[in-house]
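Peer 1: Got a structure for you, written out below as structure tokens; questions coming shortly.
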Amino acid sequence: MDRYVKQRMGFAFLTACAIAVVAPILVVIGLIFIEGAKAVSLEFISAVPYGGMKEGGIFPAIVGTLILTVGTALASIPVGVAGTIYLAEYARDTWMTRAIRLAIVNLAGIPSIVYGLFGLGMFVLFLHMGTSILAGVLTLAIMTLPVIISTSEEALRAVPMEFRTVSASLGGTRWQGIRYIVLPQAMPGIITGIILGLLRAAGETAPILFTVAAFYLPQLPRSPFDQVMALPYHLYVISTQVPGMPMSVQYGTALVLLILVLSMNLIATVIRSYFRRRRQW
Amino acid sequence: MVEKKVSAENINYFYGGNQALRDVSLGVPAHSVTVFFGPAGGGKTTLLRLINRLNDMVENTRMTGRILLDNKNIYDEDVDVAILRRRVGMVFALPLPLPGTIRENVTYGLKLAGMRDGHRIAEILEKSLVQAAIWDEIKDRLDSPASSLSGGQQQRLCIARSLALEPEVLLLDEPTSGLDPISTRKVEDSLQELKQLYTIIIVPHSIQQAARVADQAAFFLMGDLIEYRPGTEIFTTPRDKRTEDYITGRFG
């Protein structure tokens, strides 16, 4: 066969694969946008649900998801980034650190329901936090940490060793090299890790199922020991637990969750490209 | 006898099980250019890196012996490594500008040392770039990225970056290996100026360069110091057969 024909066939195959990957996502997003747009209104995003949740809005669930996401960020980013810096820059290469690394990579792949059950056992019951924002946030943070750590560690390791040597040769302490050279260079990668982790936390149902999510709770929380409604769980509830729920409400809820997650993604991408522009090597 | 700025005493150095230096002792006089030369793997770069303790960062290595700077062992417990490295600067084989502008590169070491005085920093910036023979070429674009410079300019920038700390000793590890002859010439010329102010130790990238810049030269072979004598003698009348073979190009 002519090698150019072969090449064209190869390209065609690759294009088909790319389409097969993207098309279902576009269909899903498109469907949610078209169907969900019918339900979404100012009232839908600003009112509390009533009438067996078939009427009113989903305001408490939106607030709940925002609180959980911000809380997860607060709990996981400092620990995750600090831990990563230790692992990548300070820890010596021993069987111990290798085991820790292996564990982190594996933890990133554990099903979220396992984290949910761990959170129930550890925070809700053993530490007596009850079903609360605190327990939910900590559970989500534990699920997020491995993602943040494994992605950030890659980013730190991608910064050439020579920069650290040069910094040291100019009288810098190890920390100064990390602070002024390594971290700024690794920032886009670290932010990517944080985004990936937080997006997963924002959209998951299983970890919050037993630890924080309320079936129906029209008032907003007043303390970290209150429960909240959350969008992913609310979506699950109205799709499976409430008979006769109008489809439009389900689509509307899905659309709001989608927009929330996509806009977080967008903000993060802007931050990341800001840091990337400042990088020069 | 002339006062030695840097002295190595009975240095043995191991990377894992491999011995890179074998009982090496030598003294480097102040305000002169000392050359470490010899074939690859001879230990010259290792010795250079021991003088500002950069090899501390390499795991699984071992050293015996002492290295004295102004008669003080730099491997003593009470030595602050960061301050030592300010006194003993290093320029690497590959020009490696840090991310950021030309100005940021030259003043990086000052920032690390905690200098805040803007006037003083500006003074040092200009003085270092002049000493490294690059000021005229880049004085109008100090805030462009350092990576936009040519290879030869980058290497002189790296020299300026070390000079900004006003070190007492300047270590240069094949500083011209990636440079064209004209840039090489500029760097070599500036060494002759710089030795008035600093003590310079250089691993040259060729024997010709060694002969051009050396006040005294040390020949290293497989971890042994073979011969260490004034440059005017060692390159014309080497005493050791192995030095002669290397200089005349019979091996290496």
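Peer 1: Any chance the stretch B:131-138 includes a residue that's in contact with a Ser or Thr (Cβ under 8 Å, 6 or more places away or on another chain), surrounded by 15 or more Cβ atoms within 10 Å (Cβ to Cβ) and at the interface with chain A (Cβ under 10 Å from one of its Cβ atoms)?
Peer 2: The answer is no; no qualifying residue exists.
Peer 1: Okay, next question. Is there a residue being surrounded by fewer than 24 Cβ atoms within 10 Å (Cβ to Cβ), away from every other protein chain (no Cβ under 12 Å), without any contact (Cβ under 8 Å) to a residue 60 or more places away in the chain and in contact with a Gly (Cβ under 7 Å, 6 or more places away or on another chain) anywhere in the stretch B:147-165?
Peer 2: So far as the stretch B:147-165 goes, yes, one or more of its residues are surrounded by fewer than 24 Cβ atoms within 10 Å (Cβ to Cβ), away from every other protein chain (no Cβ under 12 Å), without any contact (Cβ under 8 Å) to a residue 60 or more places away in the chain and in contact with a Gly (Cβ under 7 Å, 6 or more places away or on another chain).
Peer 1: Among the residues of the stretch A:169-183, write down those that are out of contact with any strand residue (DSSP E or B) (no Cβ under 9 Å at 6 or more places or on another chain) and within 7 Å of chain B (Cβ to nearest Cβ). Step through it out loud before you land on a result.
Peer 2: We begin by selecting, within the stretch A:169-183, every residue out of contact with any strand residue (DSSP E or B) (no Cβ under 9 Å at 6 or more places or on another chain); these are A:172-183.
If the condition is that a residue be out of contact with any strand residue (DSSP E or B) (no Cβ under 9 Å at 6 or more places or on another chain) and within 7 Å of chain B (Cβ to nearest Cβ), then A:Gly172, A:Thr173, A:Gln176, A:Ile181 are the ones that fit.
Peer 1: Next up: Considering each of A:Gly130, A:Gly56, A:Gly64, A:Gly52 in turn, give the residue that is under 16 Å from A:Pro221 (Cβ atoms) and more than 23 Å from the chain's Cα centre (by Cα). Break it down stepwise before answering.
Peer 2: Details: A:Gly56 fails: under 16 Å from A:Pro221 (Cβ atoms); A:Gly64 fails: more than 23 Å from the chain's Cα centre (by Cα); A:Gly52 fails: under 16 Å from A:Pro221 (Cβ atoms).
Only one candidate qualifies: A:Gly130.
Peer 1: Taking the stretch B:172-185 as the search range and keeping residues that are out of contact with any helix residue (DSSP H, G or I) (no Cβ under 7 Å at 6 or more places or on another chain) and modelled with pLDDT of 85 or more, which one is surrounded by the most Cβ atoms within 10 Å (Cβ to Cβ)? So that I can check it myself, show each step before the final result.
Peer 2: So in the stretch B:172-185, the residues out of contact with any helix residue (DSSP H, G or I) (no Cβ under 7 Å at 6 or more places or on another chain) come out as B:172, B:174, B:177, B:181-182, B:184-185.
Still in the running and modelled with pLDDT of 85 or more: B:172, B:174, B:181-182, B:184-185.
Numbers: B:Leu172: 27, B:Glu174: 20, B:Pro181: 9, B:Ile182: 9, B:Thr184: 20, B:Arg185: 14.
Result: B:Leu172.
Peer 1: Residues in the stretch B:191-214 that are of a type in the set (D, E, K, R) and either modelled with pLDDT of 95 or more or buried (at least 18 other Cβ atoms within 10 Å of the Cβ) (or both): how many? Before the answer, list the steps.
Peer 2: Taking the stretch B:191-214 and keeping what is of a type in the set (D, E, K, R), we get B:193, B:195, B:212.
After this cut, where a residue has to be either modelled with pLDDT of 95 or more or buried (at least 18 other Cβ atoms within 10 Å of the Cβ) (or both) as well, the list is B:195, B:212.
Residues meeting the conditions: 2.
Peer 1: Would you confirm, using the coordinates I've provided, whether A:Thr97 is over 16 Å from A:Ala201 (Cβ atoms), crowded, with 21+ Cβ neighbours inside 10 Å and either more than 14 Å from the chain's Cα centre (by Cα) or within 14 Å of chain B (Cβ to nearest Cβ) (or both)? Can you show your working first?
Peer 2: Values: over 16 Å from A:Ala201 (Cβ atoms): yes; crowded, with 21+ Cβ neighbours inside 10 Å: no; either more than 14 Å from the chain's Cα centre (by Cα) or within 14 Å of chain B (Cβ to nearest Cβ) (or both): yes.
Judged against the criteria, A:Thr97 is not a match.
Peer 1: Now for a different question. Would it be correct to say that B:Gly27 is surrounded by 19 or more Cβ atoms within 10 Å (Cβ to Cβ), at pLDDT 90 or above and not hydrophobic (A, V, I, L, M, F, W, C)? Write out each step before concluding.
Peer 2: Numbers: surrounded by 19 or more Cβ atoms within 10 Å (Cβ to Cβ): no; at pLDDT 90 or above: yes; not hydrophobic (A, V, I, L, M, F, W, C): yes.
Spelling it out, it is not the case that B:Gly27 is surrounded by 19 or more Cβ atoms within 10 Å (Cβ to Cβ), at pLDDT 90 or above and not hydrophobic (A, V, I, L, M, F, W, C).
Peer 1: Which helices (runs of 4 or more DSSP H) does the stretch A:50-138 wholly contain that include 1 or more residues that are in contact with a Phe, Trp or Tyr (Cβ under 7 Å, 6 or more places away or on another chain)?
Peer 2: Numbers: elements: A:59-85, A:95-107, A:112-119.
Ranges flagged: A:112-119.
Matching residues to (1) free of Cβ contacts under 8 Å to residues at least 40 places away in the same chain; (2) buried (at least 21 other Cβ atoms within 10 Å of the Cβ); (3) in a strand (DSSP E or B); (4) at negative phi:
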| residue | (1), (2), (3), (4) |
| --- | --- |
| A:Thr144 | no, yes, no, yes |
| A:Ile148 | no, yes, no, yes |
| A:Val166 | yes, yes, no, yes |
| A:Pro184 | no, no, no, yes |
| A:Ile191 | no, yes, no, yes |
| A:Arg200 | no, no, no, yes |
| A:Pro232 | no, yes, no, yes |
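Peer 1: For the stretch B:68-121, give me the residue count where each residue is in contact with a strand residue (DSSP E or B) (Cβ under 8 Å, 6 or more places away or on another chain), at the interface with chain A (Cβ under 9 Å from one of its Cβ atoms) and of a type in the set (Gly, Ala, Ser).
Peer 2: The total comes to 2.
The values are calculated or read from the model by the stated rules, or taken from the named source; none is laboratory data. In this text, all values refer to a predicted model and were calculated from it rather than measured experimentally. Cβ atoms come from the backbone with ideal geometry, glycine included; neighbour counts cover every protein chain shown.
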